[in-house]
Every structure is written in structure tokens, then in C-alpha cells.
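Peer 1: Okay, here's the structure, questions in a sec.
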Amino acid sequence: MTSYIWLIPFFPMVGFLINGLLGVKFKRSWIHIIAASAIGLSFLATLILFFELLKVEPAARHFENVIFDWIIAGKFKTQIAFMIDPLSIVMALVVTGVSFMIHIYAGGYMHGDPGFRRFFIYLNLFVFFMLILILANSFLLMFVGWEGVGLCSYLLIGFWFEKDSAATAGKKAFVVNRIGDFGFVLGLFLIVATLSQHGIWSLNFDVVFKHAELLGPTTVTAITLLLFIGATGKSAQIPLYVWLPDAMEGPTPVSALIHAATMVTAGVYMIARCNVLYSMAPVSLEVVAVVGALTAFFSATIALVQNDFKRILAYSTVSQLGYMFVGVGVGAFSAGIFHLMTHAFFKGLLFLASGSVMHAMAGELNIQKMGGLKKFMPVTFWVFMMATLAISGIPGFSGFFSKDEILWQSFHRGHLFVWILGTLAAGLTAFYMFRLTFVAFFGKPRMDEEAKHHLHESPKVMTYPMIVLAIASVVGGYVGIPPVLGGANRFEKFLEPIMGGGAHEAVAEGAKAVAHASASLEFTMMAVSVIVALIGIAVAYVFYIKNPQLPVRLAEGMRGLYTLLYNKYFVDEFYNSVFVQGTKDFATFLWQKVDVGIIDAIVNGVAGLVETCGGLIRRLQTGYVQTYAFSILVGGVAVFVYFFWESLF
């Protein structure tokens with residue numbers, strides 16, 4: 001098994017190289033086939049390794065494939081090596097599977113774009129770096145993938161760089177992620193600095209986790225908080241979430257890829273991978289859970305009043321990522337990864353469906369200019385509805401199982417505040433998703449006649465991937481049916497060898513409390529979350545189907561709150577005035593007052609002094625012989641007078 005792990009990231013790199021070096025000679029169809037086939041082969045290799053892993057005893061499901069020695073500096077040594085275990089294989093299946101569907105879909109969506117080849121080059125490279133991130137056996141190699149997906153996100157978000165908004169969004173994503181990455185790097189430095197004092201010079205996961213007790217409670221808390229700063233950047237949590245909504249400027253397949261199954265889940269995966277460290281740092285876990293809950297609720301309130309189709313989904317992504325952080329933050333690491341998987345299915349589908357709508361409406365994104373699309377785009381409507389039911393947590397769909405597991409774990413592990421925010425966010429999610437569905441797909445068409453005349457269903461190359469993801473959005477949750485519903489939660493048991501490494505007693509006590517919880521209480525909590533979701537759907541139905549004027553009157557009556565939500569709490573404006581403009585003003589101060597006023601003044605002052613002295617001395621050099629003769633005479637007289645005077649006294 002270890003001999004073939006390298007094939008998973010190898011195929012996307014081959015696709016990148018072939019299209020990058022030779023693609024200029026290929027037809028577009030061949031470029032698409034090469035790019036999609038590369039991801040398909042990667043998915044196939046992952047699938048084979050998954051079934052091979054199932055044949056191994058659970059405790060022995062850990063394999064590494066060392067490629068070569070990478071860095072040897074004194075006592076420090078690291079390798080390029082890939083690792084397969086239950087956590088990495090689940091992530092690899094999700095990334096390669098969903099990416100494969102998106103690559104197929106993108107062939108139809110991007111068919112007329114002049115940057116067709118460049119798009120698929122970037123897309124393959126992105127998947128390659130994401131696979132490096134999740135298959136890495138060390139923090140250092142993970143960081144290579146971590147930075148690689150950051151670079152590719154910049155390239156893909158700003159793909160249409162001739163648009164100022166796209167170029168700005170790409171730069172914004174890059175800069176905000178660098179802020180988080182700074183915290184990540186400091187965390188790695190602290191790990192090395194601490195463990196090296198005990199003679200341990202390695203950043204391999206196995207080595208670090210094996211010697212985690214040497215870090216000490218204060219140090220491990222600092223390390224995990226620093227790593228979490230990196231996660232807030234990549235996974236768009238408060239306060240570094242602001243890049244993700246603007247990233248909608250990229251092509252829709254990019255939105256589906258980056259913001260559903262890959263880059264934004266990197267932070268959740270990293271924390272789950274480091275569950276040993278986080279289990280030793282209860283303060284850090286509490287911070288993760290609270291930030292996740294606040295993000296879930298905060299971004300859900302913003303999504304309530306947005307009218308841009310993709311931005312509603314973007315804020316939904318931020319909210320759902322908050323749920324994942326709640327899961328890992330309360331110590332239910334498997335539940336967080338479970339929601340990561342189901343979210344990849346239904347959120348990828350939602351973005352692809354939004355692209356299908358854009359494809360039919362010549363790029364229009366304002367839902368107020370849509371309406372009645374159900375009649376013109378039946379396939380898109382039904383797959384979108386299935387994904388909406390899943391994200392709303394309706395029983396029978398994948399999102400119900402994963403979201404309910406997170407809320408249940410939060411409640412019974414004693415995180416009441418987190419549970420309340422998560423439950424409220426669940427109701428808001430159901431409301432804004434059905435608001436989007438009702439406004440865009442139901443009612444009378446509100447587009448102009450020209451746009452209405454051209455409405456059509458997307459081609460099969462776009463609809464088939466959506467159908468596959470729709471099926472996954474329904475059945476994907478059945479691998480984690482909880483015991484209270486007659487299941488065995490096979491997903492949690494599969495990840496147990498990796499997630500069972502938590503050493504802190506608070507996590508152990510929380511797990512024990514859940515294990516001894518009564519079935520009636522769990523059913524009650526499950527019913528509460530479903531009822532809250534149904535209330536959200538019912539309110540959306542009344543507002544946008546039964547009485548469409550009601551939300552208008554409500555917005556007018558609560559103009560201040562509506563303005564606040566519509567303008568996203570003015571966070572972007574605050575960041576721009578305080579941090580962006582503040583940095584510019586500080587730089588201007590350094591330029592004008594320090595650089596010009598002090599440093600240049602000193603340099604120029606020294607130069608002026610030398611010039612003045614030189615000017616005075618230069619007057620002695622007249623170029624006339626008689627002047628020099630006179631100077632010699634004066635000098636001789638002066639010397640004579642000096643010695644004569646000395647002889648007298």
C-alpha cells in the first residue's frame with residue numbers, strides 16, 4: 001500500500017505539466033479531458049487505497065510513503081513523505097471526488113472563455129497542493145500545501161484579472177491568508193523551539209504527538225492558539241473571514257472547489273489532525289468552539305438580506321465552517337470532519353447550481369431579477385432543492401446527520417452557549433436558503449423579456465455532475481447514523497483510531513457524558529433542531545410565497561437593522577479605515593517624516609557639509625601660477641617667523 005500513496009498527488013501534477021507545457025497545441029476538448037482525467041485517476045487511486053485500508057485492522061491503519069530526504073540542517077531532518085490513515089483517506093476521497101465532478105462541470109461552464117487552458121492549469125495545480133496538504137506526514141510539508149493552495153486561490157479568484165473587482169478580491173484573499181499564516185508559522189517555530197530543548201528535532205506528526213507531553217500546558221496552549229490563527233485565515237472564521245465573500249469574483253467552478261471541499265476546510269482538517277495537542281489545551285478548544293459558534297451565527301445573519309446569489313452561498317459557507325469548528329472545538333473531532341464531508345457534497349452542488357443559473361441568465365446574479373426559474377431549469381431546480389434541504393438539516397438528508405451530531409455533542413458536553421448560537425444559526429440557515437430558493441425559482445419571472453427568451457437548462461456536462469452531488473447530498477450522511485436512530489455511526493468508528501488520541505480529561509469526560517446520555521434527551525435535542533429549521537422554512541414561505549410584501553414592509557420598519565445586515569455590519573469598511581488606510585497612513589508618516597524628514601535630512605546634511613567645506617577649500621585652487629607662488633612665499637615667511645620666534649624664546 002505504501003508504494004502507491006504518491007500516485008494520489010502525482011496525477012494532478014501530471015495534468016498540470018501536460019496542459020502547462022504542451023496544452024497550447026491542444027484543442028479545448030483535449031485540455032478538458034486531460035485535466036479531468038488527472039483528477040479522476042487520483043480519485044481512483046484514492047478509492048483503491050481506501051478499500052485496501054479497510055482490510056487492515058483499525059489499530060494498524062497508518063502507512064507512510066517516504067519519497068526522499070528533503071531538509072537536513074544540523075540535527076533537524078525532514079522528508080518528503082505521504083501518509084495514509086483514516087483521516088487523510090477521508091479527506092482525499094472528498095477532495096478528489098468532489099474536484100472530479102467540478103472539473104467535468106467546468107468544461108461546460110468555461111467552454112467559451114479565452115483563458116480556458118490557463119483555468120484548468122490552475123485548477124489541477126490547486127488540487128495537487130490540496131492533496132499535499134492532507135497527505136503530508138509532517139507540519140512542514142503540510143505548510144507547503146497550505147501555502148500552495150493560498151497561491152492558487154489568488155490565481156483562481158483573480159482569474160478574470162482584467163476586472164478590478166476580481167483582481168482586488170484575489171489580492172484581498174492572499175493578504176488576509178498571509179495574516180493567518182503568520183500565526184501558523186509562529187506555532188511551528190514554537191514546537192521546534194520547545195521540543196529541541198529535549199533533543200527532539202522533528203516536525204513529523206507522529207514524533208510531535210508522541211512527545212506532546214513535553215510541551216507543557218502553557219506552551220501547548222500557545223501553540224494551538226497560534227495554529228488556530230492560521231485556521232481562521234484559511235477557513236474564513238472571525239476575524240479573518242472577510243476574504244471569502246469577495247472570492248465570489250472568481251469563476252463559479254472555483255467557488256465550488258475552493259469554498260466547498262478544499263481550501264476552506266484546511267483549517268478544520270489541521271485542527272482535527274492535531275487533536276492530540278488540542279485535547280491537551282482546553283482553553284484553546286473553548287476558543288475554537290466559541291469562535292466557530294459566533295461565526296456560524298454572525299455570517300448567517302448577514303446572509304438573511306443579501307441579494308447576490310453567490311454571496312448568499314458564500315456567507316453560508318462561512319457559517320457552515322463555523323459549525324465544523326464547533327464540532328472540533330467541543331472535542332467531537334469526528335463530528336466536525338463528518339460535517340466537512342457532507343458540506344462538501346451539498347455546498348459544492350449549491351455553487352454548481354448557481355453557475356447553472358448564471359449560465360442561463362448571461363451572468364446575472366441578483367435574485368431579485370430572477371423568479372420562476374423552476375419552469376425553465378427543472379434539473380437545476382431539483383438538485384438545488386435537494387442541496388437546500390440538506391444544508392437546512394431536514395431529516396433524511398446528509399446535513400441532518402452531521403449538523404445534528406455537532407449540536408448534540410455541543411449540548412451534552414456542557415457548551416450551552418455554543419449550542420444556543422448553533423441552533424439559532426440552524427434556523428437562520430433554513431430561512432435564508434429557502435428565501436433564496438423561493439425568490440429565484442418560484443413566483444413570476446422578473447427578468448426582462450430578452451433574458452427570459454434565452455432561459456434554458458444547462459448542458460449535460462454540467463447537469464450530470466450536479467446529479468451525482470445531489471445523490472451524495474442525500475445518502476452521504478448515512479455512513480454516520482447515530483445509535484439512537486438505529487445506526488452504528490460507522491464514520492466515527494472509522495476515525496476513532498486517529499481521533500482517540502485526546503489526552504485531556506475534559507475531552508474524555510465530555511465523551512463519557514455523551515456515551516451515557518439518555519436516548520430521550522438526544523431525541524429531544526434532535527427534535528428541537530428540526531423544529532427550528534422547519535420554523536425558518538415556514539417563515540421564508542410566508543415572506544416570499546404567501547405575502548411577498550411582508551419582508552418589504554419589515555425592512556422599511558426596521559431600516560437601521562436592515563441597513564446594518566445588508567452592509568455586512570460595515571466590517572469591511574472598518575477594516576479598510578483602521579487597518580488598510582491606517583497602514584497606508586503609517587507608511588506615509590514613515591515616508592514623509594522619518595525617511596524624508598530625518599534619514600534623508602541627515603544624509604543630505606552630511607553631503608551639504610562636505611560640499612560647503614569643499615567649496616571653501618576649492619577657492620585655494622585657482623589655477624594661476626602667481627597665486628601658487630604667492631602662497632609658497634607666504635608659507636615660507638610663516639615658517640621663518642615661527643622658527644625665529646622659537647629661537648628668541
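The values are calculated or read from the model by the stated rules, or taken from the named source; none is laboratory data. The model shown is predicted, which means the values in this text are computed figures rather than measured ones. All Cβ positions, glycine included, derive from the backbone under ideal geometry; neighbour counts span all protein chains shown. Just the protein is used for accessible areas: all its heavy atoms, side chains included, with ligands, DNA and RNA removed. Shrake-Rupley method; radii C 1.70, N 1.55, O 1.52, S 1.80 Å.
Peer 1: Once each part is reduced to its C-alpha centroid, what is the distance from the range 160-207 to the range 7-25 in angstrom?
Peer 2: Cα centroid of the range 160-207 versus Cα centroid of the range 7-25: 26 Å apart.
Peer 1: When the helices in the chain are scored as -39500 (n - 2.57) per DSSP H run of 4 or longer and the sum is shared across all residues, what 222 nm value do you end up with, to the nearest 500 deg cm²/dmol?
Peer 2: -23000 deg cm²/dmol
Peer 1: What list of ³J(HN,Hα) values in whole Hz, one per residue of the range 68-84 in order, does the Karplus curve 6.51 cos²θ - 1.76 cosθ + 1.60 (θ = phi - 60°) give from phi, with Gly and Pro shown as x?
Peer 2: Here the 3J(HN,Hα) series is 6, 5, 9, 10, 10, 9, x, 7, 7, 9, 9, 10, 7, 8, 10, 10, 10 Hz.
Peer 1: Moving on. For the Cα atoms of the chain, what angle does the longest principal axis make with the long axis of helix 86-109, in degrees from 0 to 90, nearest 10?
Peer 2: Taking Cα atoms only, the helix is inclined about 90 degrees.
Peer 1: Still on this structure, I have one more. Using θ = phi - 60° and the Karplus form 6.51 cos²θ - 1.76 cosθ + 1.60, what ³J(HN,Hα) does each residue of the range 220-233 get, whole Hz, x for Gly and Pro?
Peer 2: Rounded to whole hertz, the list is 5, 5, 4, 4, 5, 5, 5, 5, 5, 4, x, 5, 5, x.
Peer 1: Here's a follow-up. Return the long-range amide H neighbours of residue 70 (sequence gap of 5 or more, or a different chain), with a cut-off of under 5 Å between placed amide H atoms.
Peer 2: Amide H to amide H, under 5 Å and 5 or more residues apart or across chains, residue 70 pairs with 78, 79, 80.
Peer 1: Tell me which residues come under 5 Å, amide H to amide H, from residue 370 once H is placed; ignore anything under 5 positions away on its chain.
Peer 2: Correct list: 446.
Peer 1: Then there is this: If r is the Cβ-Cβ distance from residue 612 to residue 583 and R0 is 41 Å, what FRET efficiency results, to the nearest 0.05?
Peer 2: The pair residue 612/residue 583 has a calculated efficiency of 0.55.
Peer 1: Mind ranking 95-107, 178-190, 315-327 by how tightly packed they are, going by the mean number of other C-beta atoms within 10 angstrom, highest first?
Peer 2: Output ranking for 95-107, 178-190, 315-327: 315-327, 95-107, 178-190.
Peer 1: Heads up, I need the accessible area for residue 85: 1.4 angstrom probe, whole protein in place, Å², nearest 10.
Peer 2: 0 Å²
Peer 1: Once you sort the root eigenvalues of the Cα gyration tensor of the chain as a ≥ b ≥ c, which label holds: rounded (a/c under 1.5), prolate (a/b larger than b/c) or oblate (the other case)?
Peer 2: Prolate, because a/c is 1.5 or more and a/b exceeds b/c.
Peer 1: Still on this model: Given axes a ≥ b ≥ c from the Cα gyration tensor, I'd like to know whether the range 507-649 is rounded (a/c under 1.5), prolate (a/b larger than b/c) or oblate.
Peer 2: Since a/c reaches 1.5 and a/b is larger than b/c, the shape of the range 507-649 is classed as prolate.
Peer 1: Take the cross-link list 234/310; 375/460; 369/546; 27/234; 171/375; 403/452 and give me the ones stretching past 29 Å between alpha-carbons.
Peer 2: Where the Cα-Cα span goes over 29 Å, the pairs concerned are 27/234; 171/375; 403/452.
Peer 1: Work the Kirkwood hydrodynamic radius out for the range 299-436: mean of 1/r over every pair of different alpha-carbon atoms, inverted, in Å.
Peer 2: Computed over Cα pairs of the range 299-436, the Kirkwood hydrodynamic radius comes out at 15.2 Å.
Peer 1: Return the carbon/sulfur percentage of the accessible area of the range 330-447, one whole number, probe 1.4 Å, all protein chains in place.
Peer 2: Summing carbon and sulfur atoms, their accessible area is 70 percent of the total for the range 330-447.
Peer 1: Provide 404, 585 ordered by accessible surface of protein heavy atoms (probe 1.4 Å), highest first.
Peer 2: 585, 404
Peer 1: In debye to the nearest 20, how big a dipole does the chain give about its Cα centre with +1 on each Lys and Arg Cβ and -1 on each Asp and Glu Cβ?
Peer 2: The calculated dipole for the chain is roughly 1320 debye.
Peer 1: Under the rule of at least 5 residues apart or a separate chain, name every residue whose amide H is placed under 5 Å from the amide H of residue 304.
Peer 2: It is none; the list stays empty.
Peer 1: Let me ask you something else. If you take the C-alpha gyration tensor of the range 236-276, multiply each eigenvalue by 5 and take the square root, what semi-axes do you get, largest first, in whole Å?
Peer 2: Rounded to whole Å, the semi-axes are 22, 13, 4.
Peer 1: Something else about it: Could you tell me what percent of the accessible area of the range 102-230 is made up of carbon and sulfur, with a 1.4 Å probe and every protein chain present?
Peer 2: 70 percent
Peer 1: Between the range 423-474 and the range 306-334, what's the alpha-carbon centroid distance in Å?
Peer 2: When both Cα centres are located, 20 Å separates them.
Peer 1: Count the DSSP beta bridges whose two residues both fall in the range 1-101, then state the antiparallel fraction as a percent rounded to the nearest 5.
Peer 2: 100 percent
Peer 1: Ok, one more. For labels at residue 213 and residue 478 in the simple 7 Å Cα→Cβ model, what's the distance in nm?
Peer 2: About 4.5 nm, to one decimal.
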